[in-house]
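Dropping a structure here in C-alpha coordinates format, bear with me for questions.
The values are calculated or read from the model by the stated rules, or taken from the named source; none is laboratory data. Keep in mind the model is a prediction, meaning the values are calculated, not measured. In this analysis, Cβ positions are derived from the backbone assuming ideal geometry, glycine residues included, and neighbour counts consider all displayed protein chains. Just so you know, the surface numbers come from the protein's heavy atoms only, side chains and all, with ligands and any DNA or RNA stripped out. Shrake-Rupley method; radii C 1.70, N 1.55, O 1.52, S 1.80 Å.
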Amino acid sequence: MSSNVDENAASTVIETFMQRTHASGEWDARAKKSMPGGDTRAASYYTPYPAYMARGEGCYLYDLDENRYIDFLNNYTSLIHGHAHPATVSAIQEQAARGTVLGSAAEVTVEHAEMLCSRVSSLESVRYCNSGTEATHLAMRAARAFTGKDTIVKMDGGYHGSHDYVQVNVQSDAAEDGLPRPRITTRGVPAAVLEGMRVAPFNDLDALENLLRVHSDGIAAIILEPVLGSGGGVEPEQGYLQGVRQLADTYDVLLIFDEILTFRLDVGGVQASVGVTPDLTSVAKFIGGGLPLGAFGGRQDIMAPFAPTHPQTIPHNGTFNGNNITMAAGMATMKAYGAEEVVRINDLGQRLKDGFNRAFQAAGMRARAAGLGSIIRIHWGEGEIRTAREAKAAQDAARDLPKLLHLELMNRGIFSAPRCQFAISTPMTEREIDAAAAVMAQSLDVVRPYMIEHTPHLLQD
Ligand SMILES: Cc1ncc(COP(=O)(O)O)c(C=O)c1O
(Lines give C-alpha, C1' and ligand atoms only; values in the text may rest on other atoms or scores of the structure.)
Protein backbone atom coordinates (compact mmCIF):
# COMPACT_ATOMS: atom_id res chain seq x y z
CA MET A 1 0.00 0.00 0.00
CA SER A 2 1.37 3.43 -0.82
CA SER A 3 2.58 5.57 2.03
CA ASN A 4 -0.40 7.94 1.78
CA VAL A 5 -2.53 5.19 3.28
CA ASP A 6 -0.90 5.35 6.65
CA GLU A 7 -3.37 7.35 8.65
CA ASN A 8 -6.52 6.60 10.66
CA ALA A 9 -8.65 3.85 9.12
CA ALA A 10 -5.76 2.56 7.06
CA SER A 11 -3.29 2.41 9.91
CA THR A 12 -5.80 0.59 12.13
CA VAL A 13 -6.29 -2.06 9.47
CA ILE A 14 -2.55 -2.43 8.86
CA GLU A 15 -1.72 -2.53 12.59
CA THR A 16 -4.33 -5.21 13.21
CA PHE A 17 -2.90 -7.25 10.34
CA MET A 18 0.64 -6.94 11.69
CA GLN A 19 -0.41 -7.89 15.21
CA ARG A 20 -2.16 -11.00 13.92
CA THR A 21 0.67 -12.07 11.64
CA HIS A 22 3.79 -11.61 13.74
CA ALA A 23 5.56 -14.72 12.49
CA SER A 24 4.96 -13.70 8.85
CA GLY A 25 6.52 -10.31 9.59
CA GLU A 26 9.64 -12.02 10.93
CA TRP A 27 9.92 -14.23 7.85
CA ASP A 28 9.38 -11.23 5.61
CA ALA A 29 12.38 -9.48 7.21
CA ARG A 30 14.45 -12.61 6.66
CA ALA A 31 13.21 -13.05 3.06
CA LYS A 32 14.29 -9.52 2.14
CA LYS A 33 17.91 -10.54 2.69
CA SER A 34 17.88 -13.16 -0.05
CA MET A 35 15.11 -12.05 -2.44
CA PRO A 36 14.42 -8.54 -3.77
CA GLY A 37 11.67 -7.16 -1.54
CA GLY A 38 11.38 -10.63 -0.03
CA ASP A 39 9.23 -11.60 -3.00
CA THR A 40 9.29 -13.97 -5.95
CA ARG A 41 5.84 -13.45 -7.47
CA ALA A 42 4.51 -9.94 -8.03
CA ALA A 43 0.82 -10.89 -8.02
CA SER A 44 0.90 -12.47 -4.58
CA TYR A 45 2.79 -9.63 -2.91
CA TYR A 46 0.98 -7.03 -0.82
CA THR A 47 2.02 -4.53 1.80
CA PRO A 48 2.97 -4.40 4.63
CA TYR A 49 4.02 -7.99 3.81
CA PRO A 50 2.23 -11.11 2.64
CA ALA A 51 1.01 -13.58 5.25
CA TYR A 52 3.08 -16.75 5.22
CA MET A 53 0.69 -19.66 4.87
CA ALA A 54 1.65 -22.80 6.73
CA ARG A 55 -0.90 -25.29 5.41
CA GLY A 56 -4.13 -25.70 3.52
CA GLU A 57 -7.03 -28.05 4.14
CA GLY A 58 -9.99 -28.03 1.77
CA CYS A 59 -11.10 -24.44 1.42
CA TYR A 60 -9.16 -23.27 4.48
CA LEU A 61 -5.67 -21.87 4.85
CA TYR A 62 -3.71 -21.45 8.10
CA ASP A 63 -0.89 -18.95 8.45
CA LEU A 64 2.22 -19.28 10.63
CA ASP A 65 0.36 -17.68 13.54
CA GLU A 66 -2.49 -20.23 13.17
CA ASN A 67 -4.94 -17.65 11.84
CA ARG A 68 -7.51 -19.44 9.72
CA TYR A 69 -8.75 -18.08 6.38
CA ILE A 70 -11.38 -19.20 3.90
CA ASP A 71 -9.27 -19.32 0.76
CA PHE A 72 -10.86 -17.34 -2.07
CA LEU A 73 -7.51 -16.81 -3.77
CA ASN A 74 -7.07 -20.49 -4.63
CA ASN A 75 -3.66 -19.68 -6.02
CA TYR A 76 -5.24 -17.33 -8.54
CA THR A 77 -8.09 -19.69 -9.49
CA SER A 78 -5.86 -22.73 -10.06
CA LEU A 79 -6.90 -24.80 -7.02
CA ILE A 80 -10.29 -25.98 -8.14
CA HIS A 81 -10.61 -28.41 -5.19
CA GLY A 82 -8.91 -26.17 -2.65
CA HIS A 83 -6.08 -27.82 -0.75
CA ALA A 84 -5.08 -31.44 -0.35
CA HIS A 85 -8.03 -33.03 -2.13
CA PRO A 86 -7.83 -36.73 -1.16
CA ALA A 87 -7.87 -38.06 -4.75
CA THR A 88 -5.13 -35.65 -5.82
CA VAL A 89 -3.02 -36.38 -2.75
CA SER A 90 -3.26 -40.15 -3.40
CA ALA A 91 -2.37 -39.70 -7.06
CA ILE A 92 0.68 -37.63 -6.14
CA GLN A 93 1.78 -40.06 -3.42
CA GLU A 94 1.40 -43.09 -5.66
CA GLN A 95 3.29 -41.48 -8.52
CA ALA A 96 6.02 -40.10 -6.23
CA ALA A 97 6.68 -43.62 -4.99
CA ARG A 98 7.19 -44.75 -8.60
CA GLY A 99 9.24 -41.71 -9.63
CA THR A 100 8.19 -38.12 -10.26
CA VAL A 101 9.48 -37.84 -13.83
CA LEU A 102 10.76 -40.81 -15.76
CA GLY A 103 12.11 -38.84 -18.71
CA SER A 104 10.14 -40.83 -21.22
CA ALA A 105 6.69 -41.15 -22.76
CA ALA A 106 4.01 -41.93 -20.16
CA GLU A 107 0.53 -43.45 -20.28
CA VAL A 108 -0.80 -40.83 -17.90
CA THR A 109 0.23 -38.03 -20.32
CA VAL A 110 -1.82 -39.67 -23.07
CA GLU A 111 -4.79 -40.04 -20.72
CA HIS A 112 -4.50 -36.36 -19.74
CA ALA A 113 -4.38 -35.31 -23.41
CA GLU A 114 -7.42 -37.46 -24.18
CA MET A 115 -9.28 -35.88 -21.29
CA LEU A 116 -8.48 -32.32 -22.49
CA CYS A 117 -9.40 -33.10 -26.09
CA SER A 118 -12.65 -34.75 -25.05
CA ARG A 119 -13.66 -31.72 -23.01
CA VAL A 120 -12.64 -28.85 -25.29
CA SER A 121 -14.00 -29.25 -28.79
CA SER A 122 -11.37 -26.97 -30.40
CA LEU A 123 -8.57 -29.14 -28.98
CA GLU A 124 -7.98 -31.77 -31.64
CA SER A 125 -4.35 -32.13 -30.60
CA VAL A 126 -2.41 -30.75 -27.59
CA ARG A 127 1.12 -30.29 -26.30
CA TYR A 128 2.30 -29.75 -22.76
CA CYS A 129 4.56 -27.21 -21.14
CA ASN A 130 4.99 -26.04 -17.56
CA SER A 131 3.04 -22.80 -17.24
CA GLY A 132 0.36 -20.67 -18.82
CA THR A 133 3.09 -18.28 -19.94
CA GLU A 134 4.72 -21.00 -22.03
CA ALA A 135 1.33 -22.11 -23.36
CA THR A 136 0.49 -18.69 -24.85
CA HIS A 137 4.07 -18.22 -26.07
CA LEU A 138 3.89 -21.52 -27.94
CA ALA A 139 0.36 -20.98 -29.26
CA MET A 140 1.57 -17.71 -30.78
CA ARG A 141 4.59 -19.48 -32.26
CA ALA A 142 2.34 -22.19 -33.72
CA ALA A 143 0.17 -19.50 -35.34
CA ARG A 144 3.18 -17.74 -36.84
CA ALA A 145 4.63 -20.99 -38.14
CA PHE A 146 1.34 -22.06 -39.73
CA THR A 147 0.51 -18.75 -41.41
CA GLY A 148 4.04 -17.64 -42.24
CA LYS A 149 3.10 -14.21 -40.82
CA ASP A 150 4.68 -12.56 -37.78
CA THR A 151 2.24 -10.18 -36.15
CA ILE A 152 -0.16 -11.01 -33.33
CA VAL A 153 -3.09 -8.85 -32.22
CA LYS A 154 -3.76 -8.76 -28.47
CA MET A 155 -6.31 -6.86 -26.46
CA ASP A 156 -5.60 -3.71 -24.51
CA GLY A 157 -5.39 -4.92 -20.89
CA GLY A 158 -5.07 -8.57 -21.97
CA TYR A 159 -2.86 -10.77 -19.78
CA HIS A 160 -1.17 -13.82 -21.24
CA GLY A 161 1.69 -14.40 -18.81
CA SER A 162 5.20 -13.05 -18.60
CA HIS A 163 6.97 -13.74 -21.91
CA ASP A 164 8.23 -10.70 -23.79
CA TYR A 165 5.70 -10.46 -26.64
CA VAL A 166 2.71 -10.14 -24.34
CA GLN A 167 4.20 -7.39 -22.16
CA VAL A 168 2.41 -4.95 -24.45
CA ASN A 169 -0.58 -3.05 -23.01
CA VAL A 170 -0.91 -5.40 -20.06
CA GLN A 171 -2.07 -2.28 -18.25
CA SER A 172 -4.32 -0.04 -20.27
CA ASP A 173 -3.47 3.65 -20.31
CA ALA A 174 -6.61 5.06 -18.76
CA ALA A 175 -5.55 8.62 -19.54
CA GLU A 176 -5.29 8.12 -23.29
CA ASP A 177 -8.03 9.15 -25.72
CA GLY A 178 -8.93 7.26 -28.85
CA LEU A 179 -7.66 3.80 -29.64
CA PRO A 180 -5.07 2.25 -27.33
CA ARG A 181 -1.57 2.62 -28.71
CA PRO A 182 0.78 -0.35 -28.36
CA ARG A 183 3.12 0.27 -25.44
CA ILE A 184 5.52 -1.99 -23.60
CA THR A 185 4.35 -2.08 -19.99
CA THR A 186 7.28 -3.95 -18.41
CA ARG A 187 10.81 -2.56 -18.23
CA GLY A 188 13.51 -4.75 -19.73
CA VAL A 189 11.44 -5.95 -22.69
CA PRO A 190 13.09 -5.08 -26.03
CA ALA A 191 11.37 -2.41 -28.11
CA ALA A 192 11.55 -4.82 -31.05
CA VAL A 193 8.54 -6.76 -29.73
CA LEU A 194 6.33 -3.83 -30.73
CA GLU A 195 7.07 -4.66 -34.36
CA GLY A 196 5.37 -8.01 -33.87
CA MET A 197 2.32 -6.88 -31.91
CA ARG A 198 -0.83 -4.83 -32.50
CA VAL A 199 -3.42 -3.87 -29.90
CA ALA A 200 -7.21 -3.64 -30.05
CA PRO A 201 -9.69 -2.57 -27.37
CA PHE A 202 -11.78 -5.43 -25.91
CA ASN A 203 -15.50 -5.44 -26.81
CA ASP A 204 -14.94 -3.23 -29.87
CA LEU A 205 -15.53 -5.09 -33.12
CA ASP A 206 -15.29 -1.95 -35.27
CA ALA A 207 -11.83 -1.12 -33.98
CA LEU A 208 -10.71 -4.72 -34.52
CA GLU A 209 -12.07 -4.72 -38.06
CA ASN A 210 -10.32 -1.43 -38.89
CA LEU A 211 -7.07 -2.88 -37.66
CA LEU A 212 -7.50 -6.10 -39.64
CA ARG A 213 -8.56 -4.25 -42.77
CA VAL A 214 -5.32 -2.28 -42.80
CA HIS A 215 -2.85 -4.85 -41.48
CA SER A 216 -4.22 -8.36 -41.98
CA ASP A 217 -1.56 -9.16 -44.60
CA GLY A 218 1.02 -9.43 -41.82
CA ILE A 219 -1.20 -10.73 -39.02
CA ALA A 220 -0.92 -14.37 -37.95
CA ALA A 221 -3.48 -14.41 -35.15
CA ILE A 222 -5.65 -12.63 -32.64
CA ILE A 223 -5.10 -13.77 -29.06
CA LEU A 224 -7.65 -12.93 -26.40
CA GLU A 225 -9.05 -14.02 -23.06
CA PRO A 226 -12.79 -14.67 -23.41
CA VAL A 227 -13.13 -12.62 -20.19
CA LEU A 228 -10.41 -10.04 -19.45
CA GLY A 229 -9.06 -11.32 -16.15
CA SER A 230 -6.20 -9.29 -14.82
CA GLY A 231 -7.39 -6.44 -17.07
CA GLY A 232 -10.25 -5.87 -14.64
CA GLY A 233 -12.73 -8.73 -14.93
CA VAL A 234 -14.33 -7.41 -18.13
CA GLU A 235 -16.99 -9.67 -19.64
CA PRO A 236 -17.59 -10.02 -23.37
CA GLU A 237 -20.71 -8.28 -24.59
CA GLN A 238 -23.39 -10.35 -26.27
CA GLY A 239 -22.13 -11.41 -29.69
CA TYR A 240 -18.60 -10.04 -29.24
CA LEU A 241 -16.70 -13.35 -29.25
CA GLN A 242 -18.79 -14.59 -32.17
CA GLY A 243 -17.97 -11.34 -33.98
CA VAL A 244 -14.24 -11.81 -33.36
CA ARG A 245 -14.50 -15.31 -34.85
CA GLN A 246 -16.22 -13.91 -37.95
CA LEU A 247 -13.61 -11.18 -38.39
CA ALA A 248 -10.80 -13.71 -38.03
CA ASP A 249 -12.40 -15.76 -40.81
CA THR A 250 -13.08 -12.76 -43.03
CA TYR A 251 -9.51 -11.50 -42.80
CA ASP A 252 -7.95 -14.96 -42.78
CA VAL A 253 -6.16 -14.75 -39.45
CA LEU A 254 -6.13 -17.41 -36.74
CA LEU A 255 -8.00 -17.04 -33.48
CA ILE A 256 -6.37 -18.05 -30.18
CA PHE A 257 -8.49 -18.21 -27.04
CA ASP A 258 -6.44 -17.94 -23.87
CA GLU A 259 -8.68 -19.96 -21.53
CA ILE A 260 -6.08 -20.24 -18.78
CA LEU A 261 -8.30 -18.39 -16.32
CA THR A 262 -11.68 -19.26 -17.81
CA PHE A 263 -11.42 -23.01 -18.42
CA ARG A 264 -12.91 -23.64 -14.97
CA LEU A 265 -16.17 -21.84 -15.91
CA ASP A 266 -17.53 -24.56 -18.22
CA VAL A 267 -16.48 -28.17 -18.80
CA GLY A 268 -15.48 -27.11 -22.31
CA GLY A 269 -14.28 -23.61 -21.39
CA VAL A 270 -16.07 -20.36 -22.22
CA GLN A 271 -15.77 -21.31 -25.91
CA ALA A 272 -18.35 -24.03 -25.21
CA SER A 273 -20.68 -21.64 -23.37
CA VAL A 274 -20.68 -19.14 -26.24
CA GLY A 275 -20.43 -21.64 -29.09
CA VAL A 276 -17.25 -20.22 -30.62
CA THR A 277 -14.48 -22.53 -31.84
CA PRO A 278 -11.04 -20.92 -31.84
CA ASP A 279 -8.20 -22.32 -33.95
CA LEU A 280 -5.88 -22.61 -30.96
CA THR A 281 -6.46 -22.61 -27.21
CA SER A 282 -4.16 -22.24 -24.21
CA VAL A 283 -5.06 -23.79 -20.85
CA ALA A 284 -3.24 -24.08 -17.51
CA LYS A 285 -4.06 -23.57 -13.80
CA PHE A 286 -6.23 -26.40 -12.41
CA ILE A 287 -5.34 -28.93 -15.14
CA GLY A 288 -2.12 -29.64 -13.19
CA GLY A 289 -3.96 -30.47 -9.96
CA GLY A 290 -1.97 -27.87 -8.02
CA LEU A 291 1.34 -28.58 -9.77
CA PRO A 292 2.75 -26.36 -12.55
CA LEU A 293 1.32 -27.21 -15.97
CA GLY A 294 0.34 -25.52 -19.22
CA ALA A 295 -1.03 -26.88 -22.49
CA PHE A 296 -1.75 -25.46 -25.91
CA GLY A 297 -3.46 -27.05 -28.85
CA GLY A 298 -6.09 -26.82 -31.51
CA ARG A 299 -6.56 -27.79 -35.13
CA GLN A 300 -4.66 -30.88 -36.28
CA ASP A 301 -3.18 -29.08 -39.28
CA ILE A 302 -1.80 -26.24 -37.15
CA MET A 303 -0.39 -28.58 -34.50
CA ALA A 304 1.02 -31.14 -36.98
CA PRO A 305 4.51 -29.54 -37.26
CA PHE A 306 5.11 -30.24 -33.58
CA ALA A 307 5.41 -33.93 -34.48
CA PRO A 308 9.12 -34.76 -34.29
CA THR A 309 8.80 -36.68 -37.56
CA HIS A 310 7.25 -33.76 -39.46
CA PRO A 311 9.49 -32.68 -42.36
CA GLN A 312 9.45 -29.09 -41.08
CA THR A 313 9.22 -29.90 -37.42
CA ILE A 314 9.05 -27.16 -34.79
CA PRO A 315 11.26 -28.49 -32.01
CA HIS A 316 9.56 -27.92 -28.69
CA ASN A 317 11.38 -28.98 -25.53
CA GLY A 318 11.00 -28.67 -21.81
CA THR A 319 12.71 -30.86 -19.22
CA PHE A 320 9.48 -31.36 -17.32
CA ASN A 321 7.00 -31.38 -20.23
CA GLY A 322 4.32 -34.00 -19.58
CA ASN A 323 6.06 -35.18 -16.39
CA ASN A 324 4.44 -38.10 -14.63
CA ILE A 325 3.61 -36.57 -11.28
CA THR A 326 1.94 -33.43 -12.65
CA MET A 327 -0.07 -35.46 -15.13
CA ALA A 328 -1.20 -37.84 -12.38
CA ALA A 329 -2.25 -34.95 -10.14
CA GLY A 330 -3.99 -33.24 -13.06
CA MET A 331 -5.92 -36.35 -14.07
CA ALA A 332 -7.19 -36.97 -10.53
CA THR A 333 -8.21 -33.33 -10.25
CA MET A 334 -9.98 -33.11 -13.59
CA LYS A 335 -11.84 -36.38 -13.02
CA ALA A 336 -13.28 -34.88 -9.84
CA TYR A 337 -14.34 -31.71 -11.67
CA GLY A 338 -17.20 -32.79 -13.90
CA ALA A 339 -20.23 -30.91 -15.19
CA GLU A 340 -22.13 -31.13 -11.90
CA GLU A 341 -19.34 -29.58 -9.88
CA VAL A 342 -18.81 -26.86 -12.49
CA VAL A 343 -22.46 -25.84 -12.19
CA ARG A 344 -22.44 -26.11 -8.39
CA ILE A 345 -19.49 -23.77 -7.88
CA ASN A 346 -20.72 -21.38 -10.57
CA ASP A 347 -23.98 -21.16 -8.59
CA LEU A 348 -21.97 -20.50 -5.43
CA GLY A 349 -20.26 -17.70 -7.36
CA GLN A 350 -23.64 -16.16 -8.09
CA ARG A 351 -24.57 -16.45 -4.40
CA LEU A 352 -21.33 -14.68 -3.42
CA LYS A 353 -21.99 -11.94 -5.96
CA ASP A 354 -25.50 -11.42 -4.62
CA GLY A 355 -24.23 -11.37 -1.02
CA PHE A 356 -21.52 -8.81 -1.81
CA ASN A 357 -23.94 -6.64 -3.77
CA ARG A 358 -26.38 -6.63 -0.85
CA ALA A 359 -23.49 -5.55 1.41
CA PHE A 360 -22.52 -2.71 -0.97
CA GLN A 361 -26.13 -1.58 -1.17
CA ALA A 362 -26.65 -1.65 2.60
CA ALA A 363 -23.44 0.35 3.06
CA GLY A 364 -24.55 2.93 0.47
CA MET A 365 -21.50 2.18 -1.62
CA ARG A 366 -21.12 2.62 -5.34
CA ALA A 367 -19.49 -0.72 -6.11
CA ARG A 368 -20.60 -3.90 -7.79
CA ALA A 369 -19.59 -7.54 -7.60
CA ALA A 370 -19.26 -8.78 -11.18
CA GLY A 371 -17.79 -11.81 -12.88
CA LEU A 372 -18.77 -15.04 -14.53
CA GLY A 373 -19.49 -18.25 -12.64
CA SER A 374 -16.92 -19.13 -10.00
CA ILE A 375 -14.68 -16.06 -10.45
CA ILE A 376 -15.93 -12.84 -8.86
CA ARG A 377 -14.45 -9.39 -9.19
CA ILE A 378 -15.34 -6.05 -7.60
CA HIS A 379 -15.98 -3.12 -9.93
CA TRP A 380 -15.63 0.21 -8.18
CA GLY A 381 -18.24 2.82 -9.09
CA GLU A 382 -21.43 2.66 -11.09
CA GLY A 383 -22.10 1.63 -14.65
CA GLU A 384 -20.95 -1.20 -16.84
CA ILE A 385 -17.25 -1.82 -17.39
CA ARG A 386 -16.77 -2.64 -21.10
CA THR A 387 -13.06 -2.22 -21.63
CA ALA A 388 -9.78 -2.54 -19.78
CA ARG A 389 -9.44 1.23 -20.02
CA GLU A 390 -12.71 1.73 -18.14
CA ALA A 391 -11.71 -0.94 -15.61
CA LYS A 392 -8.38 0.74 -14.98
CA ALA A 393 -9.94 4.20 -14.64
CA ALA A 394 -12.37 2.84 -12.03
CA GLN A 395 -9.58 0.99 -10.24
CA ASP A 396 -7.33 4.07 -10.17
CA ALA A 397 -10.16 6.22 -8.83
CA ALA A 398 -10.66 3.72 -5.99
CA ARG A 399 -7.07 4.56 -4.90
CA ASP A 400 -5.96 2.23 -2.07
CA LEU A 401 -9.46 1.08 -1.14
CA PRO A 402 -9.16 -2.40 -2.75
CA LYS A 403 -5.85 -3.04 -0.98
CA LEU A 404 -7.23 -1.85 2.32
CA LEU A 405 -10.36 -3.94 1.95
CA HIS A 406 -8.26 -6.97 1.03
CA LEU A 407 -6.27 -6.58 4.26
CA GLU A 408 -9.37 -6.02 6.40
CA LEU A 409 -11.00 -9.12 4.90
CA MET A 410 -7.87 -11.02 5.91
CA ASN A 411 -8.12 -9.62 9.43
CA ARG A 412 -11.55 -11.24 9.49
CA GLY A 413 -10.54 -14.56 7.98
CA ILE A 414 -11.20 -14.12 4.25
CA PHE A 415 -8.26 -14.50 1.85
CA SER A 416 -8.69 -13.20 -1.69
CA ALA A 417 -6.46 -11.80 -4.43
CA PRO A 418 -5.16 -8.37 -3.43
CA ARG A 419 -7.03 -6.99 -6.47
CA CYS A 420 -10.25 -8.20 -4.76
CA GLN A 421 -10.82 -11.21 -6.99
CA PHE A 422 -12.56 -14.20 -5.43
CA ALA A 423 -12.42 -17.75 -6.79
CA ILE A 424 -14.72 -20.49 -5.53
CA SER A 425 -13.41 -24.02 -4.91
CA THR A 426 -15.39 -27.27 -4.72
CA PRO A 427 -15.00 -27.83 -0.94
CA MET A 428 -16.94 -24.59 -0.37
CA THR A 429 -20.58 -24.67 0.58
CA GLU A 430 -23.21 -22.00 1.13
CA ARG A 431 -21.82 -21.68 4.67
CA GLU A 432 -18.46 -20.29 3.51
CA ILE A 433 -20.12 -18.10 0.89
CA ASP A 434 -22.53 -16.55 3.39
CA ALA A 435 -19.70 -16.10 5.89
CA ALA A 436 -17.70 -14.18 3.27
CA ALA A 437 -20.67 -11.94 2.45
CA ALA A 438 -21.15 -11.18 6.16
CA VAL A 439 -17.45 -10.37 6.56
CA MET A 440 -17.62 -8.07 3.53
CA ALA A 441 -20.44 -6.12 5.21
CA GLN A 442 -18.41 -5.76 8.44
CA SER A 443 -15.27 -4.77 6.55
CA LEU A 444 -17.05 -2.04 4.61
CA ASP A 445 -17.89 -0.38 7.94
CA VAL A 446 -14.20 -0.42 8.87
CA VAL A 447 -13.00 1.15 5.60
CA ARG A 448 -15.76 3.78 5.47
CA PRO A 449 -13.61 6.52 7.11
CA TYR A 450 -10.99 5.97 4.41
CA MET A 451 -13.68 6.33 1.77
CA ILE A 452 -15.08 9.54 3.27
CA GLU A 453 -11.57 10.99 3.13
CA HIS A 454 -10.18 9.58 -0.13
CA THR A 455 -12.94 8.14 -2.32
CA PRO A 456 -16.14 10.06 -1.54
CA HIS A 457 -17.34 9.44 -5.11
CA LEU A 458 -17.89 5.82 -4.11
CA LEU A 459 -20.35 6.76 -1.36
CA GLN A 460 -23.98 7.56 -2.09
CA ASP A 461 -25.18 10.92 -0.76
C1 LIG B 1 -5.35 -15.53 -18.99
C2 LIG B 1 -3.99 -15.92 -18.50
N3 LIG B 1 -3.04 -16.21 -19.38
C4 LIG B 1 -1.80 -16.59 -19.00
C5 LIG B 1 -1.48 -16.66 -17.66
C6 LIG B 1 -0.09 -17.06 -17.25
O7 LIG B 1 -0.11 -18.30 -16.63
P8 LIG B 1 1.12 -18.73 -15.67
O9 LIG B 1 1.05 -17.84 -14.48
O10 LIG B 1 0.87 -20.17 -15.38
O11 LIG B 1 2.37 -18.51 -16.45
C12 LIG B 1 -2.45 -16.36 -16.70
C13 LIG B 1 -2.12 -16.41 -15.27
O14 LIG B 1 -2.81 -15.93 -14.42
C15 LIG B 1 -3.73 -15.97 -17.13
O16 LIG B 1 -4.69 -15.66 -16.25
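Pick from S78, S131, S122: which is open to solvent by less than 50 Å² (accessible area, probe 1.4 Å), under 22 Å from the mean Cα position of the chain (by Cα), closer than 30 Å to R431 by Cα and hydroxyl-bearing (S, T, Y)?
From the options S78, S131, S122, the qualifying one is S78.
Is one or more of the residues making up the range 125-144 touching a residue at least 12 places away in the same chain (Cβ under 8 Å) and over 25 Å from V227 (Cβ atoms)?
So the first thing to find is which residues in the range 125-144 are touching a residue at least 12 places away in the same chain (Cβ under 8 Å), and the list is 125-144.
After this cut, where a residue has to be over 25 Å from V227 (Cβ atoms) as well, the list is 125, 144.
Yes, the conditions are met somewhere in the range 125-144.
Name the residue, out of I223, I256, I260, that is within 16 Å of the ligand (Cβ to nearest atom), under 26 Å from D177 (Cβ atoms) and buried (at least 24 other Cβ atoms within 10 Å of the Cβ).
I223
(1) open to solvent by less than 10 Å² (accessible area, probe 1.4 Å); (2) within 16 Å of the ligand (Cβ to nearest atom); (3) aliphatic (A, V, I, L, M): which one isn't true of V170, the others all being true?
Only one criterion is unmet by V170, namely (1).
Now a separate question. Out of the range 195-222, which residues are touching a residue at least 60 places away in the same chain (Cβ under 8 Å) and either within 20 Å of A391 (Cα to Cα) or not in a strand (DSSP E or B) (or both)?
If we filter the range 195-222 for residues that are touching a residue at least 60 places away in the same chain (Cβ under 8 Å), which is where we start, we get 201-204, 215, 217-222.
Matches in the range 195-222: P201, F202, N203, D204, H215, D217, G218.
Determine which single condition D150 fails, assuming it passes every other condition in (1) open to solvent by less than 60 Å² (accessible area, probe 1.4 Å); (2) modelled with pLDDT of 95 or more; (3) acidic (D, E).
Tallying (1) open to solvent by less than 60 Å² (accessible area, probe 1.4 Å); (2) modelled with pLDDT of 95 or more; (3) acidic (D, E), D150 fails exactly one: (1).
Any idea which of T151, T147, T133, T109 is on the phi < 0 side of the Ramachandran plot, within 16 Å of the ligand (Cβ to nearest atom) and among the hydroxyl-bearing types (S, T, Y)?
Within the list T151, T147, T133, T109, the selection yields T133.
Kindly list the number of the only condition in (1) touching a Leu at 6+ places or on another chain (Cβ under 7 Å); (2) not assigned by TED's automatic domain parsing to the domain that holds V439; (3) not polar (S, T, N, Q) that fails for M53.
Exception for M53: condition (2).
Residue by residue through the range 54-75, note down the ones that are open to solvent by less than 40 Å² (accessible area, probe 1.4 Å) and among the acidic types (D, E).
Looking only at the range 54-75, we keep the residues that are open to solvent by less than 40 Å² (accessible area, probe 1.4 Å), and these are 56, 58-63, 67, 69-74.
Of everything in the range 54-75, those that are open to solvent by less than 40 Å² (accessible area, probe 1.4 Å) and among the acidic types (D, E) turn out to be D63, D71.
Every residue in the range 29-53 that is loosely packed, with under 13 Cβ neighbours inside 10 Å, away from the ligand (no atom under 16 Å from the Cβ) and part of a helix (DSSP H, G or I), please.
Hits for the range 29-53 are A29, R30, P36, G37.
Counting only residues that are of a type in the set (F, W, Y), touching a helix residue (DSSP H, G or I) at 6+ places or on another chain (Cβ under 7 Å) and assigned to a helix (DSSP H, G or I), how many does the range 267-315 have?
Summing the residues that are of a type in the set (F, W, Y), touching a helix residue (DSSP H, G or I) at 6+ places or on another chain (Cβ under 7 Å) and assigned to a helix (DSSP H, G or I) in the range 267-315 gives 1.
Next question. Please give the number of the condition P278 fails out of (1) in contact with an Asp or Glu (Cβ under 7 Å, 6 or more places away or on another chain); (2) within 16 Å of the ligand (Cβ to nearest atom).
(1) is the only condition that P278 fails.
Let me ask something additional. Tally up the residues in the range 234-244 that are open to solvent by less than 10 Å² (accessible area, probe 1.4 Å) and either within 14 Å of the ligand (Cβ to nearest atom) or part of a strand (DSSP E or B) (or both), please.
Residues meeting the conditions: 1.
A follow-up question, please. What number of residues within the range 245-263 satisfy the criterion of being of a type outside the set (D, E, K, R) and part of a loop (DSSP other than H, G, I, E, B)?
Residues in the range 245-263 being of a type outside the set (D, E, K, R) and part of a loop (DSSP other than H, G, I, E, B): 5 in total.
Please find, within the range 54-80, the residue that is nearest to I378 (Cα to Cα) out of those that are among the aromatic types (F, W, Y) and within 16 Å of the ligand (Cβ to nearest atom).
F72
Would you mind telling me which numbered condition in (1) under 20 Å from the mean Cα position of the chain (by Cα); (2) under 27 Å from H83 (Cβ atoms) G297 fails?
Unmet for G297, out of (1) under 20 Å from the mean Cα position of the chain (by Cα); (2) under 27 Å from H83 (Cβ atoms): (2).
G318 fails exactly one of the following numbered conditions: (1) surrounded by fewer than 17 Cβ atoms within 10 Å (Cβ to Cβ); (2) part of a helix (DSSP H, G or I). What is the number of that condition?
Result: G318 fails condition (2) only.
Does the range 81-104 contain at least one residue that is within 16 Å of the ligand (Cβ to nearest atom) and in contact with a helix residue (DSSP H, G or I) (Cβ under 8 Å, 6 or more places away or on another chain)?
no
Residues to consider are R431, R448, R399, R389; find the one that is open to solvent by 10 Å² or more (accessible area, probe 1.4 Å), under 17 Å from V13 (Cβ atoms), assigned to a helix (DSSP H, G or I) and not polar (S, T, N, Q).
When all the criteria are applied, what remains is R448.
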